[in-house]
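Take a look at the structure set out below.
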Amino acid sequence: MPLESRHLLGLESVPKKDIELILDTAVTFREIIDRPIKKVPTLQGKTVVNLFFESSTRTRISFELAEKRLSADVLNFTSSTSSLTKGETLKDTVRNIEAMKIDMVVIRHTAAGSPHYLTQLIESNVINAGDGSHEHPTQALLDMYTIKEKFGKLEGLNVCIIGDISHSRVAMSNIFGLLTVGANVAVCGPATMIPRHLEKLGVQVFHNLDDAIKFSDVLNILRIQLERGAASNFPSLREYSRFYGISKERLLKNKKDVLIMHPGPINRGVELSSDIADGSSSVILQQVTNGVAVRMAVLYLIGTRN
């Protein structure tokens with residue numbers, strides 16, 4: 001059964017069956033990337049363009065690796081070396097690229113809504129790799145896959161997202177996706193960093209980290225996004241770490257064994273201590289590995305959809 005949409009723009013309106021289909025398909029691709037020969041011919045003859053208008057390491061490499069392991073032809077676009085620097089509009093840029101007969105576009109952009117705008121301009125399939133503070137659907141899907149891999153389920157689990165919720169596209173995609181599959185979702189952070197509308201979505205809000213830890217089976221810890229002005233929402237990084245940083249002492253104090261996640265990059269000593277980031281409860285590197293499998297699943301399901 002195919003996905004309901006020919007694009008992946010976010011998880012807000014993606015039905016449960018589609019999320020489950022992506023996660024189930026990712027299991028197969030996760031097995032493939034553990035093989036000695038990791039390449040399959042699934043998207044042979046398809047051309048995918050990675051349009052990244054924002055700096056990225058993990059997401060870009062993960063998508064490119066997923067595309068190449070599916071045998072797609074891959075083109076990477078960098079805005080700093082494109083005609084955009086000469087005054088060309090995004091509209092003209094993408095239309096010219098599509099005129100070269102491409103099949104799929106993976107876009108990362110600082111402006112929320114850019115992937116949706118792209119679907120109105122071109123016929124190619126569009127996958128959102130992060131748009132402003134709006135959504136980052138494949139990151140949420142790989143987070144959900146990693147949780148399910150560890151617990152065997154998502155429904156009924158208590159997942160708390162900690163940190164800079166207001167600026168986080170990862171948080172919003174996780175909230176939408178986890179609620180859809182029946183998980184209990186909470187957020188924790190300073191009041192200045194948590195949108196007021198979240199409780200209306202069915203999200204529990206904590207401002208005390210100890211209460212959040214006691215609630216949780218999973219802690220998904222977000223990076224403080226200094227480039228988006230997040231530091232103006234609290235007195236200092238030291239103060240933030242004191243009240244919302246995850247440390248071994250904090251977890252021992254609450255006598256809680258929780259799964260530790262982080263989308264990266266990590267501000268060590270701010271959001272979490274190194275002994276937690278590198279500890280036995282951390283699945284941060286597994287998230288990175290699983291990200292390739294999940295993105296292979298998304299590319300396959302969208303790229304082969306009739």
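Report whether or not Ile246 is touching a helix residue (DSSP H, G or I) at 6+ places or on another chain (Cβ under 6 Å), modelled with pLDDT under 90 and within 26 Å of Leu11 (Cβ to Cβ). Here the answer is no, as Ile246 does not meet what is asked. Scanning region 269-306 for residues that are within 17 Å of the chain's Cα centre (by Cα) and in a loop (DSSP other than H, G, I, E, B) turns up just one, Val283. Is it the case that Leu9 is touching a Ser or Thr at 6+ places or on another chain (Cβ under 8 Å) and not assigned by TED's automatic domain parsing to the domain that holds Ile266? Yes.
Considering the conditions (1) more than 25 Å from Glu135 (Cα to Cα); (2) at pLDDT 90 or above; (3) not in a loop (DSSP other than H, G, I, E, B), Asn50 is excluded by exactly one of them, (1).
Scanning region 59-96 for residues that are buried (at least 17 other Cβ atoms within 10 Å of the Cβ) and modelled with pLDDT under 90 yields Phe77, Leu90, Thr93, Val94. Looking only at region 25-46, residues that are surrounded by fewer than 17 Cβ atoms within 10 Å (Cβ to Cβ) and of a type in the set (Ser, Thr, Tyr) come to 1 in all. In region 164-220, of all residues being of a type in the set (D, E, K, R) and out of contact with any helix residue (DSSP H, G or I) (no Cβ under 6 Å at 6 or more places or on another chain), the one that is nearest to Val283 (Cα to Cα) corresponds to Asp217. Between Leu179, Leu154, the distinction of being free of Cβ contacts under 8 Å to residues at least 40 places away in the same chain and in contact with a Lys or Arg (Cβ under 8 Å, 6 or more places away or on another chain) belongs to Leu154 only.
Just to be sure, is Asp24 assigned by TED's automatic domain parsing to the domain that holds Ile127, in a helix (DSSP H, G or I) and among the acidic types (Asp, Glu)?
yes
Of all residues in region 114-156 being touching a His at 6+ places or on another chain (Cβ under 7 Å) and closer than 23 Å to Val218 by Cβ, which is surrounded by the fewest Cβ atoms within 10 Å (Cβ to Cβ)? By that ranking, first place goes to Ser133.
The values are calculated or read from the model by the stated rules, or taken from the named source; none is laboratory data. Quick caveat, the model's predicted, so the values are computed rather than measured. Every residue, glycine as well, gets a Cβ built from its backbone with ideal geometry; the counts of neighbours run over all protein chains shown.
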